Amino acid sequence: MPNAYKLVDIENVIGGPLNDWIRAAQGSVIEGGAGPDYLDFGAGNVVLSYASSNAGVNVNTSVQSPYAQGGDAAGDYYANLGSTTQSSLSALIGSANADSLYVLASVVNEAEALWINVTGLGGADVFGAFSNANPDNSEVTITDFSLADGDRIDLRPQGVTSFSEGVTIAYAADTVMTISTRLPRRDLQIVLQGFDSTPSAGDFIFSQAVSGTAIGNHTDEGFAGGPGDDVIEGGAGMTSSMAMAATTP
């Protein structure tokens with residue numbers, strides 16, 4: 001029988017290759033490693049890392065629809081992720097491979113103007129965020145967005161159907177994209193740090209219109225169908241689709 005260990009007062013934890021149960025301390029960094037892990041973020045201000053994963057991860061740490069797939073994330077269970085107004089995470093770190101990383105846009109320290117960070121660590125990553133129920137806190141920072149690596153931003157959680165629907169880009173010390181839609185409570189601000197060029201429409205994944213036809217022309221497309229009759233033609237590359245519930249203004 002394998003030994004069982006209980007460790008307490010450990011700030012930063014990397015799990016082993018088997019099933020781990022890790023309750024994070026406030027302000028700690030946890031990495032479950034391989035195997036299905038139980039990860040508890042209830043202490044708050046926790047960094048979740050998959051930096052050691054040898055394969056890409058597909059992760060959503062928002063309370064709306066959490067999941068963990070691929071690489072070291074496969075089988076992981078997330079407990080106490082927070083609420084629709086406050087994430088228990090302060091940062092999510094992917095692997096050096098192609099990842100899909102989704103978080104709840106959330107403030108970490110309002111006094112210091114710090115919001116949740118997402119880092120891809122290389123590879124062609126997809127970044128997405130769910131809008132905060134408090135629009136004043138609906139912000140996320142992507143620390144290493146790279147068009148040269150093939151990174152893209154998924155706007156399906158906001159219901160944005162085209163680049164002209166409400167995507168604006170303003171420049172500061174870094175690139176700030178203020179994303180808004182005609183749907184209420186779906187505003188999102190994404191801050192890009194260390195970007196290598198200005199993104200255009202082809203660097204985003206858009207939601208399908210309320211009813212109509214969507215045709216993919218970019219590799220590995222993703223579409224979301226609205227409440228009406230929809231036709232989705234993926235084109236080249238791997239295509240994924242998901243149903244989006246109707247939103248009442």
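Quick note: the coordinates plus some simple rules give every number you see, no bench work behind them. Predicted, not measured: the structure shown is a model, and the values here were computed from it. For neighbour counting, all protein chains shown are included, and Cβ atoms are generated from backbone atoms with ideal geometry for every residue, glycine included.
Of the numbered criteria (1) part of a loop (DSSP other than H, G, I, E, B); (2) within 21 Å of LEU155 (Cβ to Cβ), the one ALA96 fails is (2). I need the full set of residues from the stretch 99-111 which are among the hydrophobic types (A, V, I, L, M, F, W, C) and in a loop (DSSP other than H, G, I, E, B), in order please. ALA105 - this is the single residue of the stretch 99-111 that is among the hydrophobic types (A, V, I, L, M, F, W, C) and in a loop (DSSP other than H, G, I, E, B).
Among the residues making up the stretch 36-51, those that are more than 16 Å from the chain's Cα centre (by Cα) and closer than 18 Å to GLY94 by Cβ are ASP37, LEU39, PHE41. Taking every residue in the stretch 62-75 that is assigned to a strand (DSSP E or B) and pairing it with any residue that is surrounded by fewer than 18 Cβ atoms within 10 Å (Cβ to Cβ), at least 6 positions away or on another chain, yields no pair with a Cβ-Cβ distance below 6 Å. Could you tell me which residue of the stretch 68-94 is nearest to ASP125 (Cα to Cα), considering only residues that are out of contact with any helix residue (DSSP H, G or I) (no Cβ under 9 Å at 6 or more places or on another chain) and among the β-branched types (Val, Ile, Thr)? Checked the stretch 68-94; the qualifying residue nearest to ASP125 (Cα to Cα) is ILE93.
The stretch 21-60 holds strands (runs of 3 or more DSSP E) entirely within its bounds, and those carrying 3 or more residues that are closer than 18 Å to ALA105 by Cα map to 46-49, 58-60. Cβ-Cβ distances below 7 Å connect the following pairs, each with a first residue in the stretch 42-55 that is in contact (Cβ under 8 Å) with a residue 60 or more places away in the chain and small (Gly, Ala, Ser), a second residue that is outside any loop (DSSP other than H, G, I, E, B) and surrounded by 14 or more Cβ atoms within 10 Å (Cβ to Cβ), and a separation of six or more residues or different chains: ALA51/GLU31; ALA51/ILE93. When residues in the stretch 106-150 are screened for being out of contact with any strand residue (DSSP E or B) (no Cβ under 7 Å at 6 or more places or on another chain) and either among the acidic types (Asp, Glu) or without any contact (Cβ under 8 Å) to a residue 12 or more places away in the chain (or both), 7 of them pass.
Here THR85 passes the criteria (1) of a type outside the set (D, E, K, R); (2) outside any strand (DSSP E or B); (3) within 11 Å of the chain's Cα centre (by Cα) except the one numbered (3). For VAL140, the criteria (1) within 19 Å of SER207 (Cβ to Cβ); (2) surrounded by fewer than 21 Cβ atoms within 10 Å (Cβ to Cβ) hold in every case but one, which is (2).
When the residues of the stretch 112-132 are filtered to those that are touching a Lys or Arg at 6+ places or on another chain (Cβ under 8 Å) and part of a loop (DSSP other than H, G, I, E, B), the one that is farthest from ALA55 (Cα to Cα) is SER131.
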